[in-house]
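Here is the structure we will look at.
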Amino acid sequence: MTFSTKVKERRHKGGSKMSRLRPAVEQSPHPAAPRLTRSAASQARLGGPGPPKEPAPGPYGKQRRKHTDSALAQDLSQMRVSGQESPLGHALDGVNMRHPSRSSTQNDQPAPSPPVKEGPRARVKSSSRGGLASVARLLKLGRCKNIVVVAGAGISTASGIPDFRTPGTGLYSNLERYDLPYPEAVFNIDYFSECPQAFFSLARELYPGRHRPNYIHYFIRSLHLRGLLLRVYTQNIDGLEKMCGIPEDKLVEAHGNFTTASCHLCYTPYPAEDAKVAIMSGDVPTCSFCAGTVKPDVVFFGEDLPQKYFLHSEDFPKADLLIIMGTSLQIEPFASLVNTVRASVPRLLLNRHAVGPFLKTPLRRADHLELGDLLDSVQRMAHLLGWSAEIEELMRSQGDWVGPPTQSRAIVSCVD
Ligand code: CNA
């Protein structure tokens, strides 16, 4: 099969990625097919999608899942950011940020709400909900055997990778390094088309190989080794979950990764290693078929999330504990996933600040927060569970143990 046949075939199938090639109104031959694209959340979460209702009496299963799914799909179709102003006054690109299968009329209303900022630091006290200790108790009692972890850039800051939104250190505070007109431009496909070097500068920092997984990644792996992990849903593109040994089938990299690469225009695959070599040496890899710029298969705004992401419709209704770590829950549709577990399911937020539904007062009865440094919280959690030695051993076996200072600090604060 020639390249051109392959590409035509993909176009013909209405292949998920082909939507970028056409205007929204005429792009999809199958408008009803569920397709989710990445967008910066601007919904007011305080008034956003509520938790799914508890299932009606009867066997937990089909009906429940169906309800959760359709509720989620509906909620997601309402989330959009077209017209949202960036901090520097640029309207975020409507074509790329809106739901691609919707018409422009739909996309023009209602007006988007401003992005929800992270919660005022003192609004919610972690201690008021019991935080770590309560959830550790549930784990020890064997009540949690289908744990879903939702992770963001905060789990990798301890590996030396800056997140987006932390003031001072986050990538958004250091835009001059990437020569970006506004922060989200780094993942805007039109901007990439014009100025690929901005994303490539970021890519050079994030390409697997420069950073190692940290204690938090290994904590997640140890959930898996105990048979407690249903799945990790990560927004990270740094590949550290995989690198620490979490198997592929337990991992959903919702915003893609650097393992594969393709043309951003015609989607013809390109050897990932060749793309890496070009990008690392400051060159622009180009497609041998259409001469478009090649990029690693990291999901940009307006692009479809990987197929694996749709496992969420089975996983979240099954979850008996949700751990949310190191994310500002600002990117949709990922952020809304946390609202799709049953209302009775404990949700533990480990983050520096309250985010998403944890900004609501009162909190859901089963919600727990532990606010503060994530590494510290996770080390204390491991200590409460009696898992510290095993995690250290795991890290040592992969050459990732960096010594006792953080461990002793964790134990001291735990005893306190
Ligand atoms: P974000 O918006 O930057 O939020 C990170 C969250 O983690 C914030 O709430 C921080 O307060 C919190 N946080 C950071 N460090 C710590 C810490 N040490 N202790 C406690 N809390 C901490 O990032 P999100 O993940 O929410 O946004 C999703 C984007 C970021 C995804 O699309 C990623 O592709 C993108 N991103 C990924 C990486 C990576 O792969 N490592 C790095 C930077 C950005």
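The values are calculated or read from the model by the stated rules, or taken from the named source; none is laboratory data. Remember, it's a predicted structure, so these values are computed and weren't measured experimentally. Cβ placement follows ideal geometry from the backbone for every residue including glycine, while neighbour counts extend to all protein chains displayed. Protein only, heavy atoms only, side chains kept; ligands, DNA and RNA dropped before computing areas. Shrake-Rupley method; radii C 1.70, N 1.55, O 1.52, S 1.80 Å.
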Discussion item. Could you sort the peptides 347-358, 289-300 by per-residue average Cβ neighbour count (10 Å cutoff), highest mean leading?
Written reply: 347-358, 289-300
Discussion item. List the residues, sorted by chain then number, that are 5 or more residues from L251 or on another chain and whose placed amide H is less than 5 Å from its amide H.
Written reply: V232
Worksheet item: D249 to S397: FRET efficiency via 1/(1 + (r/R0)^6), r the Cβ-Cβ distance, R0 25 Å, to the nearest 0.05?
Response: 0.70
Worksheet item: How many angstrom lie between the C-alpha centres of the stretch 296-372 and the stretch 174-247?
Response: 17 Å
Response to the item:
Cα-based Debye curve of the stretch 147-223 sampled at q = 0.26, 0.27 Å⁻¹ gives log₁₀ I(q)/I(0) of -1.23, -1.27
Worksheet entry | Whole-angstrom Cα spans of the stretch 119-270 along principal axes, big to small | 55, 39, 24
Worksheet item: What is the distance, in nm, between label points placed 7 Å from the Cα along the Cα-to-Cβ direction at V284 and at D179?
Response: 1.1 nm
Worksheet item: Mean projection of the alpha-carbon convex hull of the stretch 257-311 over all orientations, in nm²?
Response: 4.0 nm²
Practice prompt. With only Lys, Arg, Asp and Glu charged, each at its Cβ (+1 for the first two, -1 for the last two), find how big the charge dipole of the stretch 194-333 is about the Cα centre; round to the nearest 20 debye.
Written response: 480 debye
Discussion item. Checking the table K140/K242; K250/K360; K308/K360; K145/K250 against a 25 Å threshold on Cα-Cα, which pairs fail?
Written reply: K140/K242; K250/K360; K308/K360
Practice prompt. State the extension gain, in nm to one decimal, for the chain segment bounded by A291 and A343, taking 0.36 nm per residue of separation less the distance between their alpha-carbons.
Written response: 13.7 nm
Worksheet item: Rank W401, W387 by accessible area, highest first, at a 1.4 Å probe radius?
Response: W401, W387
Worksheet item: Roughly what would the spin-label model give for F310 and V277, points 7 Å off Cα along C-beta, in nm?
Response: 3.6 nm
Practice prompt. May I ask you to derive the FRET efficiency for E205 and N146 from their Cβ-Cβ distance with R0 = 51 Å, giving the value to the nearest 0.05?
Written response: 0.90
Worksheet item: Ranked highest first by the average count of other Cβ atoms within 10 Å around their residues, in what order do 223-232, 319-328 fall?
Response: 319-328, 223-232
Practice prompt. Could I have the simple spin-label model distance between T260 and L138, label points 7 Å from Cα toward Cβ, reported in nm to one decimal?
Written response: 3.5 nm
Worksheet item: Which percent of Cα-Cα pairs in the stretch 259-397 sits in each 5 Å bin, short to long?
Response: 2, 8, 13, 13, 12, 12, 13, 11, 9, 5, 1, 0
